[in-house]
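What follows is a set of notes on a single structure, which appears directly below.
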Amino acid sequence: QVQLVESGGGLVQAGGSLRLSCAASGRTVSTYSMGWFRQAPGKEREFVAAISTWGGRTTYADSVKGRFTISKDNAKNTLFLQMNDLIPDDTAVYYCAARQALVADTTPSRYDYWGQGTQVTVSS
């Protein structure tokens, strides 16, 4: 089992950047594929980005492609999401998740463990 704790959210102006972190404990993240999801008020949780166990394969939602970068530091047991050129539509609670599989997935129900979320607010 793995426990996940997100950090790094906050309030930023449009065009700014934030870097989210997801610290894992209990098991090493090298054995999990991981993802970032987000949920805005009144909307369903949606996929943002995912990375395979070995970090060699990444997948992004079209809405963030070219602006966000997911990475994983297995030695530090931490997942990251670098978010650049933020826009107001990026405002949401961001969650990291872990999945006991080699390849990541874009479907929230296919993830086994979730963090508590961190709020990201982008002002116009």
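The values are calculated or read from the model by the stated rules, or taken from the named source; none is laboratory data. Please read these numbers as outputs of a predicted model, since none were measured by experiment. When we count neighbours, we look across all protein chains shown, and the Cβ atoms used for this are built from the backbone with ideal geometry, even at glycine. Heads up: the accessible areas ignore ligands, DNA and RNA and are worked out on the full protein's heavy atoms, side chains in. Shrake-Rupley method; radii C 1.70, N 1.55, O 1.52, S 1.80 Å.
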The chain accessible area per residue, 1.4 Å probe, protein heavy atoms, integer Å², reads 49
Where labels lie 7 Å past Cα in the beta-carbon direction, separation of residue 39 and residue 112 in nm: 2.1
Per DSSP, the loop-located trypsin sites (Lys or Arg not before Pro) within region 1-67 having at most 16 other beta carbons within 10 Å are 27, 43, 57, 65, 67
Quick one: putting +1 on the C-beta of Lys and Arg, -1 on the C-beta of Asp and Glu, what dipole do you get for the chain around its Cα centre, in Debye to the nearest 20? 280
Ranked from the most accessible area to the least, with a 1.4 Å probe and all protein chains present, what is the order of 112, 89, 105, 73? 89, 112, 73, 105
What is the chain's relative contact order, in percent, from Cα pairs under 8 angstrom and six or more apart in sequence? 36
In the chain, what % of DSSP beta bridges are antiparallel (nearest 5)? 90
Could you give me the ³J(HN,Hα) list for region 112-118, computed from phi with Karplus coefficients 6.51, -1.76, 1.60 and θ = phi - 60°, whole Hz, x at Gly and Pro? 8, 9, 9, x, 8, x, 9
Could you work out the Kirkwood radius for the chain, taking every pair of different alpha carbons, averaging 1/r and inverting it, reported in Å? 14.1
Among all the aspartates and glutamates, which ones have a C-alpha under 13 Å from residue 65's C-alpha, if same-chain residues fewer than 8 places away are not counted? 85, 90
